[in-house]
Amino acid sequence: MNMRYSLLAAAVAAALPVAAQAHISYTGRNFGTFDNLGGSVTIANQTVSGNYGWADGLDDDYGDSHRLRAFRFTLTDTVTLTFTAMANASATPASVDGLLPGFSIYSGLAHLTPLQPDHDFAAATQAYLASLPGVPKEGAFRSMADWKVTNDSGDPLSVFTYMGSAFDADLDGIATGTFTLGPGDYSVFVGGVNYVAQIGALINPNYGLSATLAVAAAPVPEPETWAMLLAGLGLVGFSARRRMRGVAA
Ligand SMILES: [Ca+2]
Ligand SMILES: [Ca+2]
Ligand SMILES: [Ca+2]
């Protein structure tokens, strides 16, 4: 490659990350389905573009969901679960692996294949955002509120209903939180909490991360709970027998 083309390639590469960022997809990031027997799954080797996407969704102009990574899971029972988002083990605060993570859990999913993927700059998403009051929006993502987005086909808006969040307040590269959630499909968006990182050269590095979903098994009843249950059954049996006798009398 001659000098002129390598400079051109470098310029294109510098310009590309914005265009190359994936729209909302769960490919390789589905934790699966859990019931009250519990279980734990870790999804490693993920990246997120920029270290500020989650923080940027806290303000009045919302944020760009391209700056977060979407994960999904499904619950068939009401469970207590712990979600943890973690910078790569080798990360230092200054390295491109040094993500300072935040995440939010929402009830609901984005459009799935074969439908077009949702994104902030689809015409229908932009039309929706333009219809909202307040300042112009820089994206559809909201860290601690419900939000909506759709795709280039203009399918009905995907609705993300905010369920809870956690962020890396002590700046050690780990964000973790425990939530009790009912049956349904959930999305988790993970991004950086360093709001000031959205300037200059800090915008585009890909930060490495892993995420773990640990669903607690439903507690086995204590002996005294069993005793109360059995006593309750005994009372039910007693009153049923009494009713029977009443009917017979
Ligand atoms: Ca913002
Ligand atoms: Ca911003
Ligand atoms: Ca932390």
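Coordinate-derived values only; no laboratory data. On a predicted model such as this, the values are computed, not experimentally measured, just so you know. Here Cβ is always computed from backbone atoms with ideal geometry, including for glycine, and neighbour counts include all displayed protein chains.
Each Lys and Arg adds +1 at its Cβ and each Asp and Glu adds -1 at its Cβ; summed about the Cα centre, the stretch 22-218 shows a dipole of about 240 debye.
The stretch 150-169 and the stretch 57-110 have Cα centres spaced 12 Å apart.
Placing one equal scatterer on every Cα of the stretch 118-192 and applying the Debye formula, the log10 ratio I(q)/I(0) at q = 0.11, 0.17 Å⁻¹ is -0.36, -0.78.
You can think of it this way: the chain between Thr212 and Asp172 has 12.8 nm of extra reach, that is 0.36 nm per residue less the Cα-Cα gap. In terms of other Cβ atoms within 10 Å, Thr82, Thr92 run from fewest to most in the order Thr92, Thr82.
Using C-alpha pairs below 8 Å separated by at least 6 residues, the relative contact order for the stretch 65-132 is 24 percent.
Positive contributions from Lys and Arg (+1) and negative ones from Asp and Glu (-1), summed over other residues with Cβ under 14 Å from the Cβ of Ala122, come out at -3.
Neighbours of Arg72, meaning other residues whose beta-carbon lies under 10 angstrom from its beta-carbon, give a summed charge of 0 when Lys and Arg score +1 and Asp and Glu score -1. Neighbour counting of Cβ atoms within 10 Å sorts the residues Glu222, Glu138, fewest neighbours leading, into Glu222, Glu138. Phi angles of the stretch 192-206 translate, via the Karplus equation with coefficients 6.51, -1.76, 1.60 and θ = phi - 60°, into HN-Hα couplings of x, 10, 8, 4, 6, 6, 8, 10, x, 5, 7, 5, 9, x, 8 Hz per residue; Gly and Pro are given as x. Over the stretch 22-218, the alpha carbon radius of gyration divided by the compact-protein estimate 2.2 N^0.38 Å works out to 0.98. Footprinting exposure proxy ranking of His66, His23, fewest other C-beta atoms within 10 angstrom first, gives His23, His66.
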